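FYI, it's all coordinate maths here, none of it is from the lab. A quick note: this is a predicted structure, and the numbers were derived from the prediction, not measured. Ideal geometry is used to build each Cβ from the backbone, glycine not excepted, and the neighbour counts take in all protein chains shown.
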Amino acid sequence: MDTLSGVDSSSACTSSSIACLQSSGIAFVGRYYSRTTQIEGKKLTASEAQLISAAGLQLVTVYEDGPTSYSYFSASRGSDDAAGALAQAAAIGQPPDSAIYFTVDYDAADDEIANEITAYFQAIAAALGGYRVGVYGSGAVCTAITNAGLATHAWLAQSTGWSGYSAFTAWSIKQGAEGSVCGLNSDTDTARGEFGAFTLAT
C-alpha cells in the first residue's frame, strides 16, 4: 500500500512554510481544533485552511484541549468536545465524510480505556453527525476504540513505550519524530489508505 508523508503542527502554516513543505515532499498537514488552547497559532483558521488547500496539500483535523490524564475523560466531555469540533469544522468548511481525530495523549491503562475513555468516544460517535471519528493515542487505545466501532481511523502516537505500540498495525496515520519541519513546531507522520483527509475548494 502506498504511503504519504505529512506533518502535524501546533504552529500556523504560512505561505513560506507551505512552500517549504511542498518542496520537502509533504502531502498532508495535521492541524488542530480546540476550545481552550492558549497556544498561539495552534487552532486552525479558515484562512489557513484555504492557504493549505490552495497549495494542493491535504488537511487532517485533530480536536485537542488537554487530554493528558484520565480525569479529562467522560461522556459529557465527549459531547462537549464533539460540539466544539463540529462548530469549528463548520467555520472552516470541512466537508462531510472526512475525519476529525480526538486524542488520548497519555499512556492510558486498560481499565481507564474500558471505562471513561470508551464513554468519551461513545458520546463523540453519537454526536459527530456527518463526519468520521478518528482516534489518536497508544496502540492499546487505538485497538480498543476501533474494535468497539467508535472510530473508523486510528492515528498511532509516536511514543513507542506506550502500551500496545508494536502490536497495533491497523493505523491510518503513524506519528514519527518530533522536531522543527520548515520552521513549524511539528511531528512527522506517515499515512496510508483512506485516512480522512480533505482539501477545501479554493
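The table for this structure:
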{"item": "Span-rule helices in the chain, defined as complete DSSP H runs reaching 20 Å or more along the axis (Cα) with Kyte mean at least 0.0", "result": "75-92"}
{"item": "Cut-off under 5 Å, modelled amide H: who pairs with N185 long-range", "result": "S10, S11"}
{"item": "Cα-based shape type of the range 89-202, given that a ≥ b ≥ c are square roots of the gyration tensor eigenvalues and the cut on a/c is 1.5", "result": "oblate"}
{"item": "GNM flexibility winner over the chain from E40, E116, E178 (Cα, springs under 10 Å)", "result": "E40"}
{"item": "Stretchable slack from S159 to S74, in nm (0.36 nm times residue separation minus alpha-carbon distance)", "result": "28.2 nm"}
{"item": "The range 11-97: C-alpha gyration tensor shape, a/c 1.5 cut-off, then a/b vs b/c", "result": "prolate"}
{"item": "The range 162-202: C-alpha gyration tensor shape, a/c 1.5 cut-off, then a/b vs b/c", "result": "oblate"}
{"item": "Contour minus Cα-Cα distance for T3 and S23 (0.36 nm per residue)", "result": "5.5 nm"}
{"item": "Near-label residues of the range 67-89 by backbone N, under 20 Å of a point 7 Å along Cα→Cβ of A109", "result": "67-75"}
{"item": "Share of Cα-Cα pairs in the range 3-192 lying beyond 20 Å, as whole percent", "result": "51 percent"}
{"item": "Choice from G139, G179, G84 with maximal GNM fluctuation in the chain (Cα, 10 Å cutoff)", "result": "G179"}
{"item": "Residue of S11, S159, S69 that the Gaussian network model of the chain assigns the largest fluctuation, springs spanning Cα pairs under 10 Å", "result": "S69"}
{"item": "Counting DSSP beta bridges with both ends in the chain, the antiparallel % (nearest 5)", "result": "40 percent"}
{"item": "Radius 14 Å from Cβ of G30, net charge of other residues (Lys, Arg +1; Asp, Glu -1)", "result": "-3"}
{"item": "Sequence-separation-based contact order of the chain, relative, with Cα cut under 8 Å and 6+ spacing, percent", "result": "26 percent"}
{"item": "Euclidean distance between Cα centres, the range 85-149 to the range 18-37, Å", "result": "20 Å"}
